[in-house]
Amino acid sequence: MDKVVLAVMYRDVSSGHVHHTEIDSQLVSENVTGLASKYHCNHGSLMGPLGLFVQGLLAFVAFTSLIVKRFCEPKLERRPWKIWFFDTSKQVFGAMVIHFANIFLADVFQGDPCTWYIINFLLDSTIGLIVIYVGLKITQCVVRVKGWDTLVFGEYGKPPQCNAWMGQCALYIIVMIFEKIVITLLVQFHFWEKVRQVILSPIKDEQLEVVIVMFIVPLVVNAIQFWVVDNFLMRKKWKKTNNKNSKSDTSIKYFAATNTLQYYDKPEGDDGSESDVLLSLDEDSEMRHRNGDGNRSDASEANNLLT
């Protein structure tokens, strides 16, 4: 291969003399190639066609995990679809805020954007989850002290109101923004620069790195995170009203002997079967017997008075 030499001329400011130097173009080419291979996931790769496709696929799979969670709930505690949508949609909007914030920060930081994105994502899913939990607890304490019932997570009124959902959604997004600020400050430590150089170093293919960063790793982590956060946002106990239990559990017995009514509470699970009828007959006969004895005693007492 022929060696190409570039001639460069420059002037020394201090002496005023003009100097000539030569630069090997092959050396320059190798340095440029090495610099490009160092950051094989380039800026803009996360929002390229492949990045957008895997992001959409990830969102679909992660949201499906919340549908599976609903069917895993006990039947009597399973949320109606409207309540479930109100609960889970808050997570969707919050996750979108964090996701696009991570993409923006990955392009702002110097170096491979894929490594910065995965570091931010893993911190959001670990330390950030603790920050979210503490933030939700603090906000709910303030809401209950102030008496803002519509901002209590999982409570939307009867019937459920969209205004309550919008307020809770805005409150949750505020918590997520606070969490993202905390994680962004944490990433500023120089320690993460060393982690960034190692975390994806075995991977040399740009497209494979995008798939791992944007789909494979978040697939499992997001499913677990959505499941956990959903427990934070949903109403703690949701029990469907049973029509059978809504009926009065009080029964009435009529005693013909005394022409009286007696009220009593049925035991739980009692369906007013044949046992009640037999008990009624026994009690009725007992009342008749007592009534007969009472009439005889009254008659004997009257005869004694007459004699």
Residues I174, I132, I183: which one is over 29 Å from R79 (Cβ atoms) and either surrounded by fewer than 18 Cβ atoms within 10 Å (Cβ to Cβ) or not hydroxyl-bearing (S, T, Y) (or both)? I183
Taking F191, is it modelled with pLDDT under 90 and either of a type in the set (F, W, Y) or within 19 Å of the chain's Cα centre (by Cα) (or both)? yes
Could you pull out the residue among Y156, Y117 that is farther than 26 Å from L58 by Cβ, at pLDDT below 95 and open to solvent by less than 30 Å² (accessible area, probe 1.4 Å)? Y156
So is F53 surrounded by fewer than 13 Cβ atoms within 10 Å (Cβ to Cβ) and not small (G, A, S) or not? no
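Just to verify a result, which residue in segment 135-150, among those that are farther than 16 Å from F178 by Cβ and not β-branched (V, I, T), is least open to solvent (accessible area, probe 1.4 Å)?
Out of the qualifying residues, it is G147.
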For segment 59-73, give me each residue that is of a type in the set (A, V, I, L, M) and at pLDDT 85 or above. A59, V61, L66, I67, V68
Among the residues of segment 189-211, count how many are assigned to a helix (DSSP H, G or I), more than 17 Å from M47 (Cβ to Cβ) and open to solvent by less than 70 Å² (accessible area, probe 1.4 Å). 5
Test: residue in segment 79-101 that is touching a Lys or Arg at 6+ places or on another chain (Cβ under 7 Å), at negative phi and hydroxyl-bearing (S, T, Y): no
When residues of segment 103-114 are limited to those that are part of a helix (DSSP H, G or I) and touching a residue at least 40 places away in the same chain (Cβ under 8 Å), the one surrounded by the fewest Cβ atoms within 10 Å (Cβ to Cβ): D107
Within segment 76-92, take every residue that is without any contact (Cβ under 8 Å) to a residue 60 or more places away in the chain and over 22 Å from L136 (Cβ atoms) and give me the one that is most open to solvent (accessible area, probe 1.4 Å). W81
Pairs with Cβ under 8 Å, 6+ apart, first in segment 115-134 and touching a residue at least 40 places away in the same chain (Cβ under 8 Å), second open to solvent by less than 30 Å² (accessible area, probe 1.4 Å) and outside any helix (DSSP H, G or I): T115/C41; T115/L200; I118/L200
Meets criteria (modelled with pLDDT of 85 or more, surrounded by fewer than 14 Cβ atoms within 10 Å (Cβ to Cβ) and within 30 Å of D205 (Cα to Cα)) for G34: no
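The values are calculated or read from the model by the stated rules, or taken from the named source; none is laboratory data. Note that the structure is a prediction, hence the values are computed from the model and not measured. Here the Cβ is made from the backbone with ideal geometry for all residues, glycine too, and neighbour counts use every protein chain on show. Quick note on the areas: whole protein, heavy atoms, side chains included, nothing else; ligands and nucleic acids left out. Shrake-Rupley method; radii C 1.70, N 1.55, O 1.52, S 1.80 Å.
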